[in-house]
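Below is one structure, written out as structure tokens; comments come after it.
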Amino acid sequence: MENIIELDNVTKRFGGITALNKASLKVTRGEVVGLIGDNGAGKSTLIKTLVGVYSPDEGDILIRGKKVNAWNALKARESGIETVFQDRALTPQQSIVKNIFMGKELRYPFGFIKEKEQIFEANRLIREIGFTSKLINAESPVGNLSGGERQGVAIARAIYNKAELIVLDEPTNNLSLNETQKVFDFVLNVKKSNRSVLFIGHNIYHVYDISDRFVILDRGEVVHQLNKNDISTPEELMKIMRNTIGAH
Amino acid sequence: MSNNNSYLSNYFHRNGRALGSIGYFVLLMVIFLIGAPEAWIRPNLHQSVFVMMPTLIFLTIPLVFLVASGEIDLSFASTYAVAAYVFALLVKNGVDPAICLALGIFTGAAIGALVGTLIVVFRLSSLVASLGVLFLLRGVILLLSNSRSITIMEVENHWIYPLLVGNFYGFPMQIFWAAIFVIFCYYFFNKHVFGIHIQHVGDNSVSAEQMGINVNAVKIKAFMFVGVGAAIGGIFTTMITYTFFPTQGFGYLLLALAAVFVGGTPYWGGLGTIIGAVFGVGIIAYMEIGIIAIGWSGEWRQFFNGLIILLALLGHRLHGERVR
């Protein structure tokens with residue numbers, strides 16, 4: 001199986017604090033990887049390094065087997081990695097369409113924007129993710145949307161860009177049951193189309209349901225990796241987690 | 001039906017601020033017309049306004065970009081003079097005025113780049129840092145020029161003079177260029193990656209960064225644009241009056257800033273309106289000149305400038321608070 005992305009012994013420090021210590025992780029094509037760990041385990045730092053918001057202090061990042069230099073968010077997106085950040089990474093005073101195309105606008109030569117095409121695509125996407133309210137269209141400001149709808153916009157962005165790897169950072173936080181189910185459906189759809197998902201969550205049950213493989217992070221280190229086949233219940237996963245965390 | 005409502009509300013979300021400042025402008029005209037109809041019909045009132053407006057437009061419109069990016073710049077009022085000084089000095093020394101113009105504008109861009117880099121790299125407050133640069137550059141100008149003005153009558157014989165600031169059948173050319181500038185900026189702000197990225201950065205710079213937008217580069221470019229606008233304004237004014245004088249530009253500092261905010265661009269970033277700013281400039285320019293034209297003393301001018309800024313801010317308040 002092809003590795004979409006691989007972190008090889010990546011270390012990230014902030015001042016004197018080592019937030020990530022020689023962490024290694026890979027995501028292969030078509031799999032859903034669940035990243036779990038306690039608060040402060042370094043999940044956020046790992047994700048932000050993986051998607052180019054932070055650049056690593058040590059270690060390598062490989063995209064489809066090839067080492068990349070000067071890793072940044074734009075390069076990550078150009079490599080086919082889209083992220084639904086925990087804070088959704090939206091600009092609330094701007095319209096839905098501007099948010100969906102933020103940083104990857106459809107352009108004519110000289111940087112002018114294909115506005116009509118963007119609006120058409122955005123309207124199609126917000127139907128696809130199930131916005132039914134007639135009060136909302138592509139040109140509505142994001143600030144008028146509910147938390148679940150904002151999550152929908154962030155997901156629509158990832159859908160449009162047909163990413164090979166979609167990173168979902170705490171995607172089910174603050175969502176209703178119905179909205180959570182939509183996120184799960186989305187993950188399954190991505191998997192079905194032979195693309196990959198990295199799923200980060202607090203809720204072990206959510207992560208267990210959706211993932212093929214689990215990566216446990218503690219104090220900036222990857223302490224355990226296991227396949228879903230290795231265990232049979234979320235309780236078992238919880239137990240393994242409890243035993244590994246703090247034990248190393 | 002509800003669909004129509006959403007289009008209507010989106011329309012007002014996008015254009016409400018611009019429509020607001022158009023409204024204030026019309027209101028101001030009506031007040032003048034009723035208050036002093038005889039002054040109003042004299043063409044020289046409007047002529048004076050039209051002489052003032054282009055300069056103010058070159059200064060104000062780029063500031064809309066910068067304020068929308070979440071920053072502010074005061075140093076433009078000195079950049080204005082530095083660019084004009086470079087232009088005048090080179091013309092005086094026999095350099096071709098077209099080259100002097102290009103070098104003057106380049107000077108403005110370079111100052112903007114320096115100010116922007118200073119603020120972005122060292123994470124300084126743009127208000128305070130650019131206030132420092134405002135004084136610093138003015139000091140440099142006063143020292144270099146020995147507080148003396150430079151007269152450049154010779155520029156009149158060069159082809160750029162009629163092209164840029166000449167009279168075309170009684171029509172001042174600088175109005176034409178200012179109009180071109182406004183149209184260009186409208187598209188640049190609303191339909192171009194540069195303007196769109198500025199709005200994202202000013203709205204939420206963390207989100208913009210996460211989506212791969214180079215936030216620092218966007219901000220530095222916005223500062224450069226302000227420098228370019230200031231340079232154009234300074235050089236045009238110097239050509240119109242055939243004179244560079246070391247204190248020039250200072251008077252425009254507060255007027256240009258007032259025009260931005262009266263025009264409906266909020267101070268908090270993420271939003272801006274080019275059309276609104278044009279009418280903001282119109283309001284400020286008519287205030288400056290109209291008060292004198294209707295025969296009131298200059299003291300009233302300051303008073304009414306202040307009043308209109310406050311009233312406009314209160315009016316724009318109707319468009320709501322910042323959405324988060």
Checklist entry - Is it the case that the range A:71-82 has a residue that's more than 29 Å from A:Arg29 (Cβ to Cβ) and β-branched (Val, Ile, Thr)? => result no
Among residues of the range B:156-194 being within 14 Å of another protein chain (Cβ to nearest Cβ) and among the aliphatic types (A, V, I, L, M), the residue nearest to A:Pro109 (Cα to Cα) is B:Val193
In the range B:281-313, anything outside any helix (DSSP H, G or I) and of a type in the set (Ser, Thr, Tyr) is listed as B:Ser297
Checked the range A:53-72 for anything over 30 Å from B:Asp203 (Cα atoms) and either assigned to a strand (DSSP E or B) or within 14 Å of chain B (Cβ to nearest Cβ) (or both); matches are A:Glu58, A:Gly59, A:Asp60, A:Ile61, A:Leu62, A:Ile63, A:Lys66, A:Lys67
Flagged in the range B:298-324 as within 23 Å of B:Gly16 (Cα to Cα), more than 14 Å from chain A (Cβ to nearest Cβ) and among the basic types (Lys, Arg), in numbering order, are B:Arg317
Those residues of the range B:187-205 which are outside any helix (DSSP H, G or I) and either under 15 Å from A:Asn99 (Cβ atoms) or touching a residue at least 40 places away in the same chain (Cβ under 8 Å) (or both) amount to B:Asn204
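For residues in the range B:120-131 being surrounded by fewer than 18 Cβ atoms within 10 Å (Cβ to Cβ) and in contact (Cβ under 8 Å) with a residue 24 or more places away in the chain, which is nearest to B:Leu253 (Cα to Cα)?
Result: B:Leu131.
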All conditions in (1) part of a loop (DSSP other than H, G, I, E, B); (2) facing another protein chain (nearest Cβ under 7 Å); (3) at negative phi; (4) touching a residue at least 24 places away in the same chain (Cβ under 8 Å) are true of A:Glu105 except (4)
Here the qualifying pairs (Cβ atoms under 7 Å; residues six or more apart or on different chains; first in the range A:108-135 and within 14 Å of A:Glu149 (Cα to Cα) and within 13 Å of chain B (Cβ to nearest Cβ); second surrounded by 13 or more Cβ atoms within 10 Å (Cβ to Cβ) and modelled with pLDDT of 95 or more) come out as A:Ala122/A:Ile96; A:Ala122/A:Val97; A:Ala122/A:Ile100; A:Ile126/A:Ile96
When every residue in the range A:73-87 that is more than 13 Å from B:Ile213 (Cα to Cα) and at the interface with chain B (Cβ under 8 Å from one of its Cβ atoms) is compared, the one modelled with the lowest pLDDT is A:Asp87
Filter the range A:146-177 for residues that are without any contact (Cβ under 8 Å) to a residue 24 or more places away in the chain and assigned to a helix (DSSP H, G or I); the one that is surrounded by the fewest Cβ atoms within 10 Å (Cβ to Cβ) is A:Leu177
field: Test result for B:Phe250, surrounded by fewer than 22 Cβ atoms within 10 Å (Cβ to Cβ), in contact (Cβ under 8 Å) with a residue 12 or more places away in the chain, within 26 Å of B:Ala113 (Cβ to Cβ) and of a type outside the set (Lys, Arg)
entry: yes
Of the residues in the range A:88-100, those that are under 17 Å from the mean Cα position of the chain (by Cα) and either at the interface with chain B (Cβ under 10 Å from one of its Cβ atoms) or surrounded by fewer than 19 Cβ atoms within 10 Å (Cβ to Cβ) (or both) number 4
Next item on the list: Test B:Ile213 against the criterion of being of a type in the set (Val, Ile, Thr) and outside any helix (DSSP H, G or I), and give yes or no.
Entry: yes
Taking the conditions exactly as written (away from chain B (no Cβ under 14 Å) and either of a type in the set (Lys, Arg) or crowded, with 19+ Cβ neighbours inside 10 Å (or both)), does A:Val142 satisfy them or not?
no
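The values are calculated or read from the model by the stated rules, or taken from the named source; none is laboratory data. What you see is a predicted model, and the numbers here were worked out from it, not measured in a lab. All Cβ positions, even for glycine, are placed from backbone atoms using ideal geometry, and neighbour counts span all protein chains on display.
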